[in-house]
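None of the figures in this text is laboratory data; all of them are computed from the coordinates on show. All of these numbers come straight from a predicted model, not from anything done at the bench.
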Amino acid sequence: QSLNASKGISALKEMQASKAVVRVCRGGNNVDEVELDASSLVPGDVVRLSVGQKIPADIRLVSVSTSSFTVDEACLTGESDSVTKIPYKGDTKNDDVQTGGGAMGANSNGMLYGGTVITAGKGLGV
């Protein structure tokens, strides 16, 4: 069992993105766009997202600068079709946290999950 668990953990680590391009404004007024290790991300960091990129962590899509934004979530769901995502609009009535929808709940459309891959679009996530 220990060997199987180790193999599973190694596979999960390989799925995670190692880098993220982040708009950083930590403790000052200047906003810089830098590339960080995904492990250095903190809540509130604004992550730039583009086609082909692995999502570095579970984040909420807040804006899209293209006509569509789709993500391949096959590693989580097993579905072969990409999932269309729309930005979160700040509606706390329909927010997953408020309604108990959970990570893959009915209202999770604006959520992006670590290790999944962007198949179309550009945007920003927090």
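Brief remarks follow.
- Amide H partners (placed H, <5 Å) of Asp58, local residues excluded: Gly114
- Built amide H within the under 5 Å cut-off of Tyr88, gap 5+: Leu61, Val62
- Long-range HN-HN contacts of Gln53 with modeled amide H, under 5 Å: Ile118
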